[in-house]
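The values are calculated or read from the model by the stated rules, or taken from the named source; none is laboratory data. Everything numeric here is computed off the predicted structure, so don't read it as measured data. Note that each Cβ is placed from the backbone with ideal geometry, even for glycine, and that neighbours are counted across all protein chains shown. Accessible surface is based on the protein model in full, side chains and every heavy atom, while ligands, DNA and RNA are left aside. Shrake-Rupley method; radii C 1.70, N 1.55, O 1.52, S 1.80 Å.
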Amino acid sequence: MNRRDDCYNRYVPQPSATAAADAVPLVPPVWGLLPEQLAHALTARGIPIRDDEARRVIAHRVAIDGARTIVRRPLSRALTSAIARASDPSDLEIVEKAVDPHDGFVKYLFRSPDGALSEAVRIPLEKPGCFSVCLSSQVGCAMGCVFCATGRLGLDRNLRAWEMVRAFCRVRDEAPGRITGAVFMGQGEPFHNYDEVIHAARILSHPCAGRISAQAITISTVGLVPQIRRYTAEGHRYRLIISLTSAVPARRAQLLPIAGRFTIEDVAAAIREHASRAKGRVTVAWVVMSGVNTGDDEVDALRSLLGDVPLRLNLIDVNDPREGGYRRASDEERKGFMNRLQVLGVPLVRRYSGGASRHAACGMLAAERIAPV
Ligand code: SF4
């Protein structure tokens, strides 16, 4: 018997209102539902629920301070137990929690009901007492970026929206302060699981649910062009980061295998389109690797490719845990690269990627146990 069977067997459904309702599947885990979806799912089970009651249920399970600000009146006992009987009881279990003593980053390892392992990282922000959560979108990743531990795992499966939202809630519930943001930059390529990630972002930013600002939610992509175009056309307000890492076609294809499917010119066209529709700077990420992508050829290629587009460049030091893998640039090499990039005239930020001693930094997530909870 696998864990999922066990989970469902432990759940003993009570007799439902009608025989017809029994034929309807369980209501999905509440963490993955918006209030109107919960109301719809319960109605399909023959459990009538008002809109305000559905909002209170969601707020109670997902909202940061929902109990105080939204759930003013408790739900009736009858409705609460009817919802419990009808709902899928799946949950995420915390398998491990590892704190980096150097910078306070905290890595969580979760186990889903089917045994799949995924990670999230609590990130301390500059403002004291404020944190962000880095969320995984998939178990493993199919993109195979050569400098990334997750890419070496291959793809196991997509995470469901409820698993991402639940991971956020579990990290938030243990945080010694406020969670003010979420970034989809953990395991997986978020745009390879587009619908579930966008749905999770909707829940996280919903006033009855996660209640964090849409602008404080960041979604990154390694450059899936059709999804970037779709995202642009749909006009989402979340922040988008597109990882370029190299502007020299042959080198990019070597570092990011997905570049074999979407040329750098296609990615540049999608970036240009996004900048024009969103009427703002597009954030481009660059994983800096010593002796690989810090040369004049990269600066020239980037300038000719996107010199006319309002960008913001985020430089992230590579974190390749492999022995003999890609190395970080020295301060001198990085500084020289940053100086030469000034020719683009765009904001340039070196992003800190912490938690390296606990394998929590960018590119290090591989669902490995590091330390006991
Ligand atoms: S860098 Fe991101 S997209 Fe590339 S393999 Fe790693 S998790 Fe996947």
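Brief remarks follow.
- Number of residues in the stretch 202-213 that are open to solvent by less than 10 Å² (accessible area, probe 1.4 Å) and either assigned to a helix (DSSP H, G or I) or basic (Lys, Arg) (or both) equals 2.
- Top-ranked residue of the stretch 225-261 - restricted to ones that are in a loop (DSSP other than H, G, I, E, B) and open to solvent by less than 10 Å² (accessible area, probe 1.4 Å), ranked as nearest to residue 138 (Cα to Cα): 256
- Some residue of the stretch 264-279 being within 23 Å of residue 146 (Cα to Cα) and more than 25 Å from the chain's Cα centre (by Cα): yes
- Condition check for residue 295: surrounded by fewer than 19 Cβ atoms within 10 Å (Cβ to Cβ) and at pLDDT 95 or above: yes
- Contacts under 7 angstrom Cβ, first residue in the stretch 237-264 being closer than 30 Å to residue 204 by Cβ, partner among the aromatic types (Phe, Trp, Tyr) and surrounded by 21 or more Cβ atoms within 10 Å (Cβ to Cβ), 6 or more apart: 240/231; 244/286; 245/286
- Residue count for the stretch 300-351, restricted to those that are exposed (fewer than 14 other Cβ atoms within 10 Å of the Cβ) and of a type outside the set (D, E, K, R): 10.
- Only listed residue being in a helix (DSSP H, G or I) and within 16 Å of the ligand (Cβ to nearest atom), chosen from 192, 199, 274: 192
- Selected residue [under 16 Å from the mean Cα position of the chain (by Cα) and modelled with pLDDT under 95] from 223, 151: 151
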